[in-house]
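Novice: Pasting in a structure now, in structure tokens, and then I'll have a few things to ask.
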Amino acid sequence: MENIKDFVITKHLISVLNDAGFEAFIVGGAVRDMILGMSPKDFDLVTSAPIDKIKELFPFPCHGKITERFLVHAFKFEGSIFEIASFRDEGSIENRHDAPKPGNAETDVLRRDFTCNSIMWNPLTNEILDPLNGIQDIHDKVLRTTRDADIVFAEDPVRIFRAIRFQRKLGFSFGFEITDEMIASAMASQNADRCRNEIAKITKQSRLG
């Protein structure tokens with residue numbers, strides 16, 4: 001693993017949360033990449049600790065635009081940015097720009113885009129939470145959404161282009177359909193700028209081979 005320093009720090013952050021009596025896991029792309037034998041670029045953490053307790057345990061200045069309103073504490077430590085989020089529940093919100101409610105591990109995985117990004121892992125205990133069978137999907141090289149694809153993409157149209165980028169990067173097949181109409185609708189939405197950013201990543205990825 002190339003990013004060994006951040007991984008060591010991540011394990012320390014998890015240890016602090018565990019010692020305080022809270023569940024804590026690495027989640028998202030880092031777990032996916034390690035299963036694939038790739039080196040993660042960064043490590044996101046999710047925990048049962050409420051946001052005020054997270055900030056109490058890690059009293060560092062908040063970094064960036066992500067705030068505690070979204071139950072996330074992002075901070076800079078040893079030259080790297082770390083994000084620790086409380087378990088969230090977005091089942092009752094109509095827009096992903098709205099603040100989520102506190103949740104649990106089961107509700108948190110459902111707010112994520114693809115099953116391969118929903119796996120939670122505690123490297124200290126080796127506990128794995130994978131209720132959506134993301135590990136199997138990675139082994140099968142299938143990209144699946146965490147819920148009905150129409151709902152997942154409607155919540156955030158940028159996910160359509162993220163799916164295309166992952167498919168090309170990882171060589172996965174789609175477990176859903178992406179149509180020209182869906183792409184056109186995404187580009188006409190209020191998320192058009194973010195969609196263009198994803199398209200730029202796809203283009204750069206293609207140039208790098």
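A short reminder: the numbers here are calculations on the coordinates, not readings from a lab. Bear in mind that the values here come from a model prediction, so they are computed numbers and not experimental data. Cβ coordinates were reconstructed from backbone atoms using ideal geometry, including for glycine residues, and neighbour counts include every protein chain displayed.
Novice: Read phi for every residue in segment 175-187 and hand back ³J(HN,Hα) as whole Hz from Karplus 6.51 cos²θ - 1.76 cosθ + 1.60, θ = phi - 60°, with x for Gly and Pro.
Specialist: x, 7, 10, 10, 9, 4, 5, 5, 5, 5, 5, 5, 5
Novice: So, one more: About its Cα centre, how strong a charge dipole does segment 1-114 have in debye, to the nearest 20, once Lys and Arg get +1 and Asp and Glu get -1 at the Cβ?
Specialist: That gives segment 1-114 a dipole magnitude of about 180 debye.
Novice: Among the GluC sites (Glu not before Pro) in segment 1-70, which ones are in a DSSP loop with at most 14 other Cβ atoms within 10 Å of the Cβ? Mind listing them?
Specialist: Here the GluC sites (Glu not before Pro) that fit, given the DSSP loop and packing criteria, are GLU2.
Novice: How would segment 138-209 be classified by its alpha-carbon gyration tensor: rounded, prolate or oblate, with rounded meaning a/c under 1.5 and the a/b versus b/c comparison settling the rest?
Specialist: oblate
Novice: Still on this structure, I have one more. Most exposed first by the Cβ proxy, i.e. fewest other Cβ within 10 Å, how do HIS139, HIS73 rank?
Specialist: So the ranking, lowest neighbour count to highest, is HIS139, HIS73.
Novice: Oh, and also: Note down, for segment 59-209, the three equivalent ellipsoid semi-axes (square root of 5 times each alpha carbon gyration tensor eigenvalue), biggest first, whole angstrom.
Specialist: Rounded to whole Å, the semi-axes are 25, 20, 18.
Novice: Which distance in Å, rounded to a whole number, links the C-alpha centroids of segment 110-159 and segment 36-92?
Specialist: What the calculation gives is 19 Å, centre to centre.
Novice: So how many Å³ per residue does the convex hull of the Cα atoms of segment 4-129 work out to?
Specialist: 103 Å³
Novice: Sorting THR10, THR179 on the 10 Å Cβ count, fewest up front, what's the list?
Specialist: THR179, THR10
Novice: List the residues whose amide H sits under 5 Å from the amide H of PHE77, counting only those 5 or more places along or on another chain, with H placed 1.01 Å from N in the peptide plane.
Specialist: PHE82
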